[in-house]
């Protein structure tokens, strides 16, 4: 690492001498109608915030020279269409940039209303609870390490964590309540070392070299996206360069990789990337007892079969290995604890998908076919010695084959329609061998089972604007069903309506509201849990779809074209949430363990709620500063269960009831330099005290190697607050045929330590063996060790384009 830092410092001094004087780029592309793919002739195309521009020709093509280098947008306008501000894109000297922009027909004439370019554009379907994140915001995010999961921690309602994890906790919901899409193809797993049954992991598998924009929904979900309750993350990727092959090499904070894009055939372009991490060297350097290595590949091809049809084929895959650092010299108490209970694992996953679009005169069809697989292999030996008994032997895999059809249409009455259907065939297998101490006895969990089933859905959405587009309304509905149990096979039992509206009080002030009922299937780990006889326990228990009712309303103020201020209030209720029969805890409170969660006996009896307010301020330019500030005040609670596993009237805090979340992010461009900072604050999370008596039992501790919680005092205490300051500096260099970006990123620059509850562990003798309590045979002597988290983490990076 020191050698890399010295190399970058040398480049910072030497490269400016070598840099070429060329400081302009070229942007070209095509302007077309979003509903039928036909060209929009003579559209006006301008580089946003400049006077540099041109007019498209009769076929919708344009070319602009002398474009400022760096991140830019296009402002496109044409009579009869809404003015469009494109997604951000990078312009450099390595090659000409191709940007295609689709326009939507306007329901009013330009004489009736003044249309302005909108960097914070919204839709009638989701007029609120939607944040669009451009590629510049992802690339330059301090502490983000070019990882979208970490960038989202600057968004309202998203919980931050000081740990090395990417769990999605949104508006007080659990980490399993989120869904991800990549160019209309569902991506079941977003992260390397994914937690099976939830959303967590270490780092995102999506390479942002190919991302042009991300839409983040924390509510008001469109009807064509199902099986979610807390958030939707929708990625849109670039298409390959049609002129020549471009190459990007990256050396980042956690990995190195190469990306290519260019022409593959006369009507086909491609993008492709491969990455490999060096996290194990970084973790070894900072003293972590686990050494992960991840690899990923990603590709996409786009073929224009005809002026009316387009075929896209994409794929993304990951292969992750986590070994323990068994050769650590003189590990401290915390390192010993982690080495004792963490398993070693191998995980691989992939998604392959194809989308086919066909355009009519006022409509288009979308066909989506995909296959996804996640495979987990985990093992743990006593004291990490393979000559000792194996504590955990877990092999699990899940595969989904999906088909979805969507029809989009604009009627003569200017009603936007979207309707369609989906069908899925899923398989799940699980071979488990482990010991579990619960309810006062040691159980040997052993089963080897698999199942397969079908899922189906129907959906539709209609949207229309009134009163010169001052009022927009959208109504949608979907139904879902599956063949796992007869209780979930009737889709009408999962009827999911939703309604959104937005009204413009003045050109600057808006009132927005949305409501809906959403359903989500329990995780495969829960559905596939079996007893020693191989019977699916939770199928016998009649597990159901989880349901949530959501209500949101807010105001929006736009003092200028580059600033947006929103204030939203939300209220969510949950019902039919799985409750663990082992500890009477709703599964929403779990999900941040490593490897897998949810593989335990449950019943669908849990009820809960989450409610709060969010304030978001975003500005594209404030005295040259691009900034965002987000504050969330909320409650997240579930009803306490009685001894008969029935919900009482008493609400207790969920594990995500932090109450206060604040983030401030700001970046400033200074010539070829970019500087930025991000500060985050999160109030302390609730936690459950340990059950010292159970934890000290030799039979209990040896089965789990972790302390047991006192669930009679569930979340009765609260940890200390978390806050962190991240700093990033970028320097760009442009040459005649290539460009170079160097950056330095420092996370937690003032080295704040977040105090977590002290860990309860057995005492050890001089030989490292656990000490037995002489007064209580069958019990270990116990002690507490510190459990602080947070460390100063500097990193550097190199990005080369040619």
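Values in this text are rule-based calculations from the coordinates and carry no lab data. All figures in this text were calculated on a predicted structure; none of them were measured in a lab. Counting neighbours? That spans all protein chains shown, and the Cβs are built from the backbone with ideal geometry, glycine included.
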Most packed first (mean Cβ within 10 Å per residue), the peptides 308-318, 503-513, 654-664 order as 654-664, 308-318, 503-513
In a Debye calculation with equal point scatterers on the alpha-carbon sites of the stretch 172-267 and no solvent, what is log10 I(q)/I(0) at q = 0.14, 0.17, 0.20 Å⁻¹?
-> -0.65, -0.88, -1.06
So what's the stretch 668-802 giving for Rg/Rh, alpha carbon basis, Kirkwood Rh from the mean inverse pair distance?
-> 1.25
At q = 0.09, 0.17 Å⁻¹, what is the base-10 log of I(q)/I(0) for the stretch 341-470 according to the Debye formula with one equal point scatterer per Cα and no solvent? Please give it to two decimals.
-> -0.52, -0.98
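Tell me the Kirkwood hydrodynamic radius of the stretch 107-242 in angstroms, computed as one over the mean inverse distance between distinct C-alpha pairs. Don't jump to the answer; show the numbers that get you there.
Values: mean 1/r = 0.0628 Å⁻¹.
Value: 15.9 Å, from the Cα pair sum.
Helix-only estimate, please: 222 nm mean residue ellipticity of the chain, summing -39500 (n - 2.57) across DSSP H runs of length 4 or more and dividing by its residues, to the nearest 500.
Values: 9 runs with 63 residues, N = 802.
When only DSSP H runs of four or more count, the value is -2000 deg cm²/dmol.
For the chain, what does the relative contact order come out to in percent, with C-alpha contacts under 8 Å and a separation of six or more?
On the way: 2247 pairs, mean separation 90.4, N = 802.
RCO, the chain: 11 percent.
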Taking neighbour counts of Cβ atoms within 10 Å as a proxy for exposure, in what order, fewest first, do 33, 593 appear?
-> 593, 33
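How would you rank 41-50, 566-575, highest first, on the average number of other Cβ atoms within 10 Å across their residues?
Numbers: 41-50: 17.6, 566-575: 20.4.
My ranking of the peptides, most packed first, is 566-575, 41-50.
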Fewest first, what order do 594, 529 take by the number of other Cβ atoms within 10 Å?
-> 594, 529
Per-selection Kirkwood Rh - the chain (Cα, Å, 1 d.p.) | 27.9
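Where the convex hull is taken over the Cα atoms of the stretch 519-565, what is its projected area averaged over directions, in nm²? Let's see the in-between values first.
Details: hull surface 23.0 nm².
Answer in nm², one decimal: 5.8.
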Expressed to two decimals, the stretch 237-392 has a Cα Rg over Rh, using the Kirkwood radius, of 1.17
Calculate the radius of gyration of the Cα atoms of the stretch 625-673 to one decimal place, then report Dmax, the largest Cα-Cα distance, as a whole number, both in Å.
-> 20.3, 67
Treating the angle as unsigned and between 0 and 90°, give the value, to the nearest 10°, between the Cα long axis of helix 2-18 and the longest Cα principal axis of the chain.
-> 10
What ranking, highest mean first, results for peptides 221-231, 436-446, 722-732, 336-346 when packing means the other Cβ atoms within 10 Å averaged over each residue?
-> 221-231, 722-732, 336-346, 436-446
What share of all Cα pairs of the stretch 499-646, in percent, falls into each consecutive 5 Å distance bin?
-> 2, 8, 14, 14, 14, 11, 9, 9, 8, 6, 4, 1, 1, 0
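In what order do 182, 471 fall by count of nearby beta-carbon atoms within 10 Å, going from fewest to most? Could the numbers behind the result be given before it?
Numbers: 182 25, 471 15.
With the fewest neighbours first, 182, 471 line up as 471, 182.
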Once the principal axes of the Cα atoms of the stretch 442-505 are found, what is the range along each, listed largest first in whole angstroms?
-> 66, 28, 16
note: the stretch 600-745, Cα-Cα separations exceeding 28 Å make up a percent value of 49
